[in-house]
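Written out below as structure tokens is the structure these notes cover.
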Amino acid sequence: MPATPAWPPASTPRLFVDLPLGPDAAPIIDGAAAHYLLNVMRMKAGDPILLFDNISGEWLAVVADAAKRSLTLRIERQTKMIEPVPDLWLCFAPVKKARLDWIIEKATELGVARLQPVITERTIVERVKHERLEAQIVEACEQCGRTALPTLAEPVKLPQLLKNWPADRALLFADEAGGLPLARVEALAPAAILTGPEGGFTDRERDMLIAHAAVRRITLGPRILRAETAAIAAIGVWMAQHGDWSDL
């Protein structure tokens, strides 16, 4: 007998919707998302689509009606519960556009809970387009299977960040001047990683960080890493030790 095709197929589109989902929901997709589904994916009545809402998890739906500029969906069943996200923040100095997009995308894929832009003395990019970065987050979650979006905070200057830092959260300061290897630092959740701008931290900022009770200096190896590489490398090591990679 021929094998029964997998349902939904692996090619099923996956979409974030900013409204609560449930068995009785009947989402209507319009705008750019509808244009993509109708004109690029060529979706029609009966086709499957996976939806997630950042609240209840992921749901399988099918197209009930495909109009010229919108699709009406019918919820079939829940496929995933909302995921438990490791309590790791990434605090990072914004860098130039393409590299900033890469940080946002990869940090989202790796599972951080919060993205916090930090303005330092050598930060070149001080204005962050919040809406564009949120779109990057959504796209990364759609691609990687996340059911919970990380929070994107408003940019804050480094002194203000340290002044308001929660006492119970370790701040892992990636210091190019040296520190303990991250693999040897006890930094269970809640924790955060701090990486600097292209030119690194100033001596004044380094002194400020070292004096803070929550800060733990870490090194990320013998080579000088780009700002975006340092951020992603640190997340990977932490996730392998304390996050949701640790049981793999």
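List of remarks:
- FRET E, pair ASP87, ALA45, Förster distance 45 Å, beta-carbon r, rounded to 0.05: 0.60
- Rolling a 1.4 angstrom probe over the protein heavy atoms with all chains in place gives the chain an accessible area of 53 Å² per residue.
- Multiplying the residue separation of ASP30 and ARG74 by 0.36 nm and removing their Cα-Cα distance gives an extension gain of 14.4 nm.
- The dipole here belongs to the range 153-228: it is taken about the Cα centre, uses +1 on the Cβ of Lys and Arg and -1 on the Cβ of Asp and Glu, and is about 120 debye.
- The chain, accessible surface, carbon-and-sulfur percent (1.4 angstrom probe): 54 percent
- Inter-label distance for ALA64 and LYS96, nm, one decimal - labels placed 7 Å from Cα along Cα-to-Cβ: 5.0 nm
- Among HIS212, ALA233, LEU110 the positive-end extreme of the charge dipole of the chain (Cβ point charges): ALA233
- Dipole magnitude (debye, nearest 20) for the chain, charges at Cβ of Lys, Arg, Asp, Glu: 480 debye
- Taking label points 7 Å from Cα along the Cα-to-Cβ direction, ILE124 and GLU198 give a separation of 0.1 nm.
- P(r) weight above 23 Å for the range 1-141, C-alpha pairs, percent: 47 percent
- Per-selection Kirkwood Rh - the chain (Cα, Å, 1 d.p.): 19.8 Å
- The C-alpha atoms of the range 121-206 occupy a region whose extents along the principal axes are 38, 31, 24 Å, arranged from largest to smallest.
The values are calculated or read from the model by the stated rules, or taken from the named source; none is laboratory data. All values derive from a computational prediction rather than experimental measurement. Here the Cβ is made from the backbone with ideal geometry for all residues, glycine too, and neighbour counts use every protein chain on show. All accessible areas refer to the heavy atoms of the entire protein, side chains included, with ligands and DNA or RNA removed. Shrake-Rupley method; radii C 1.70, N 1.55, O 1.52, S 1.80 Å.
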